[in-house]
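Novice: The structure under discussion is supplied below as structure tokens; questions concerning it will follow.
The values are calculated or read from the model by the stated rules, or taken from the named source; none is laboratory data. Just so you know, these numbers come straight off a predicted model, no measurement behind them. Heads up, the Cβs are rebuilt from the backbone with ideal geometry, glycines too, and the neighbour counts pull from every protein chain shown.
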Amino acid sequence: MRALLPHLVGVVVAGVRRVGSTIRVAAEPTGERGRCPRCDGESARVHSRYRRQLSDTAIGGHPVTIDIRVRRFFCDTTDCAAKTFAEQIPGLTQPWARRTPVLGAVISAIGLAVAGRAGARLASRLGIRTGRDTLLRAVRAIPDSKVRDVRVLGIDDFAIRRGHIYGTVVVDMTTRTPIDLLGDRTADTVATWLKEHPGTEIVCRDRAGAYADGIRSGAPDAVQVADRWHLWHNLAEAVEKTVTRHRADLRPPALDTSDVSPMGQSAGAEVESDRRLAVRTRERYSAVQQLLSHGMSLSAIGRKLALDRRTVRRFARATDLDELLTTSASRASLLDEFKPYLHERFNAGCTDAARLTREIVELGYRGSDKTVRRYLQPVRAAHEQLPSPPVGPSIRQATGWLTRHPARLTDDDRSQLDALLDRSPALVTTHRLVHDFAEIMTERRGSDLAAWMTAVDADGEPALRSFVRGLRRDLDAVTAGLTLPHSSGPVEGHVNRIKMLKRQMYGRANLDLLRKRVLHAR
Ligand SMILES: [Zn+2]
């Protein structure tokens, strides 16, 4: 029996019996002496004995209770305030604890992995009697390991509740481990944390603003590094806006204008429908923004304008009209990549919209059948089978070609990009500027950034010039980000992990619990 209970140190097992479904282990301390917790003096003079019960990990699915006859000793130290003291068995009992340390560790581990009721159910299946609240208490009681001097830090924000409350995750970039979760993303909070944890030399972060201010006041000597991934992401957004602005260039010129093909009419109709969409978007945007400024709630606006909640929210949150037009345009492009297929099938004689929709759904189309019908309608009446005119790329495709590393373009992408650049001088300039920025970034030539920004000032499209204005507001950190080897990649990974852990916690995403799980669940 002793061999089955290797963790019962400092006691001898006197007997084991089953009582109902519980296994009860009787144990006696083996030591002669106890140590006074007050004065640290040893004593062998026994005052009394009493029974202590400890819950332990299950055996064969049966809960285990350890019954120990522990002693109360007289303290023999003359000036000690304690007359008597209760014996503790190192590694087994702790004052007031009703569980063995081994069981305590199992309960914490369950709580970390599966919080809430599901955790209590799992524990019960493992023969551990515990409630949801006990699990939560166990998680909250896990001590934090001491944060040692961290030379390179990464910080980023994450949503505690989506769209409302944000926190900050602090990552040790050398070990790539999260070391703290802060309850907001303000400059003061970051500054206070940095003052309490001195020694930081480099801080990687994304957004300027609050974090930049907090680092400046909390760790004034630290070098701030703007994250490359975010820089590239912002540049790609600027490129998408530029492509959207020049989307007329995406469509190749018709092969033969004297011979209007059915699909040619359809393309014309699509341009017209794009234009109508833009007009409608503009009208809705100003209506929603105006009602918002009068303090009307989203649901009231929805009722007034007969729009569904999702649409109202999208229009309410957009910072400018361009943003909405970009999304509308990319929505319209759901069908784009299937258009060549539709042309081919249509010209082969299949004019049944429902059937064609089924066929492209098989190929991955995720839009509605209404869109397909609307697209095919103008050509339904025509029966001539004509060669299909070339179809241009979607905004997303073109943005991808312009921002992808040239080595990662297929031959087909490459030739389509070349054709696009042949008909769009604006995109030629954009392509060159993006390529130069990519080189500065991958070769860590931050010193060349100033010249690049000057080039954008001179020839860049509006969206790129706006990107450059953003860089100038945070120039030191951006230059460091394009020069130093550090990157916020690991922080990004932890922000994603926090999202995952939070989803598992359902309504219980209190910051203290989330923090323990982020720091201790491995
Ligand atoms: Zn004492």
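Novice: Can you pull out the residues in region 63-78 that are surrounded by 13 or more Cβ atoms within 10 Å (Cβ to Cβ) and either among the polar types (S, T, N, Q) or closer than 17 Å to Arg17 by Cα (or both)?
Specialist: To start, the set of residues in region 63-78 that are surrounded by 13 or more Cβ atoms within 10 Å (Cβ to Cβ) comprises 63-77.
Within region 63-78, Pro63, Val64, Thr65, Ile66, Asp67, Ile68, Arg69, Thr77 meet the criteria.
Novice: Let me ask you something else. Applying the selection to region 5-42, what residues are within 30 Å of Leu126 (Cα to Cα), out of contact with any strand residue (DSSP E or B) (no Cβ under 6 Å at 6 or more places or on another chain) and either assigned to a strand (DSSP E or B) or within 16 Å of the ligand (Cβ to nearest atom) (or both)?
Specialist: Passing the criteria: Arg18, Val19.
Novice: If you don't mind, there's one more thing I want to ask. Name the single residue that is nearest to Ile59 (Cα to Cα) among those in region 1-27 being free of Cβ contacts under 8 Å to residues at least 24 places away in the same chain and among the β-branched types (Val, Ile, Thr).
Specialist: The selected residue is Val16.
Novice: A further question on this structure: Hand me the list of helices (runs of 4 or more DSSP H) wholly inside region 441-518 holding 2 or more residues that are more than 15 Å from the chain's Cα centre (by Cα).
Specialist: Details: elements: 449-459, 462-473, 475-481, 489-504.
Fully inside region 441-518 and qualifying: 449-459, 462-473, 475-481.
Novice: Among the listed residues Ala14, Ala81, Ala26, identify the single one that is of a type in the set (Gly, Ala, Ser) and surrounded by 15 or more Cβ atoms within 10 Å (Cβ to Cβ). Before you say what the answer is, go through the steps one by one.
Specialist: On the way: Ala14 fails: surrounded by 15 or more Cβ atoms within 10 Å (Cβ to Cβ); Ala81 fails: surrounded by 15 or more Cβ atoms within 10 Å (Cβ to Cβ).
After ruling out the rest, the residue left standing is Ala26.
Novice: Show the residue pairs that are 6+ apart or on different chains and have beta-carbon atoms under 7 Å apart, the first residue being within region 420-443 and over 17 Å from Gly400 (Cα atoms), the second being among the hydrophobic types (A, V, I, L, M, F, W, C) and in a loop (DSSP other than H, G, I, E, B).
Specialist: Short answer, once both residue conditions are applied: Ile440/Leu482; Met441/Leu482.
Novice: Kindly indicate whether any position in region 376-383 is more than 30 Å from Leu484 (Cβ to Cβ), of a type in the set (D, E, K, R), modelled with pLDDT under 90 and touching a Pro at 6+ places or on another chain (Cβ under 9 Å).
Specialist: So the first thing to find is which residues in region 376-383 are more than 30 Å from Leu484 (Cβ to Cβ), and the list is 376-383.
Now narrow it down to the ones that are of a type in the set (D, E, K, R): 380.
Then drop every residue that is not modelled with pLDDT under 90, which leaves 380.
Filter once more, keeping what is touching a Pro at 6+ places or on another chain (Cβ under 9 Å): 380.
Yes; the residues of region 376-383 include at least one that is more than 30 Å from Leu484 (Cβ to Cβ), of a type in the set (D, E, K, R), modelled with pLDDT under 90 and touching a Pro at 6+ places or on another chain (Cβ under 9 Å).
Novice: If you don't mind, another one. Of the residues in region 161-174, how many are touching a residue at least 60 places away in the same chain (Cβ under 8 Å) and out of contact with any Asp or Glu (no Cβ under 9 Å at 6 or more places or on another chain)? If you could, list the steps in order and put the result at the bottom.
Specialist: As a first pass, look at region 161-174 and keep what is touching a residue at least 60 places away in the same chain (Cβ under 8 Å): 161, 167, 169, 171, 173.
So of that shortlist, the ones also out of contact with any Asp or Glu (no Cβ under 9 Å at 6 or more places or on another chain) come out as 161, 173.
The total comes to 2.
Novice: For region 356-366, check the following and say yes or no: at least one residue is farther than 21 Å from Leu250 by Cβ, modelled with pLDDT of 80 or more and more than 37 Å from the chain's Cα centre (by Cα).
Specialist: Yes.
Novice: Go through region 186-222 and report how many residues are in contact with a Gly (Cβ under 6 Å, 6 or more places away or on another chain), without any contact (Cβ under 8 Å) to a residue 60 or more places away in the chain and surrounded by 15 or more Cβ atoms within 10 Å (Cβ to Cβ).
Specialist: 4
Novice: Just to verify a result, which residue in region 79-101, among those that are within 22 Å of Ile128 (Cβ to Cβ) and outside any loop (DSSP other than H, G, I, E, B), is farthest from the ligand (Cβ to nearest atom)?
Specialist: Checked region 79-101; the qualifying residue farthest from the ligand (Cβ to nearest atom) is Arg99.
Novice: When you go through (1) away from the ligand (no atom under 16 Å from the Cβ); (2) in contact with a strand residue (DSSP E or B) (Cβ under 9 Å, 6 or more places away or on another chain) one by one for Arg45, which number turns out not to apply?
Specialist: (1)
Novice: Test each condition in (1) under 30 Å from Arg176 (Cβ atoms); (2) among the hydrophobic types (A, V, I, L, M, F, W, C); (3) assigned to a loop (DSSP other than H, G, I, E, B) for Ala118 and report the one that comes out false.
Specialist: Going through (1) under 30 Å from Arg176 (Cβ atoms); (2) among the hydrophobic types (A, V, I, L, M, F, W, C); (3) assigned to a loop (DSSP other than H, G, I, E, B) one by one, Ala118 breaks only (3).
Novice: Determine whether region 484-501 contains at least one residue that is without any contact (Cβ under 8 Å) to a residue 60 or more places away in the chain and touching a helix residue (DSSP H, G or I) at 6+ places or on another chain (Cβ under 6 Å).
Specialist: Checked against the condition, which is being without any contact (Cβ under 8 Å) to a residue 60 or more places away in the chain and touching a helix residue (DSSP H, G or I) at 6+ places or on another chain (Cβ under 6 Å), region 484-501 yields at least one hit.
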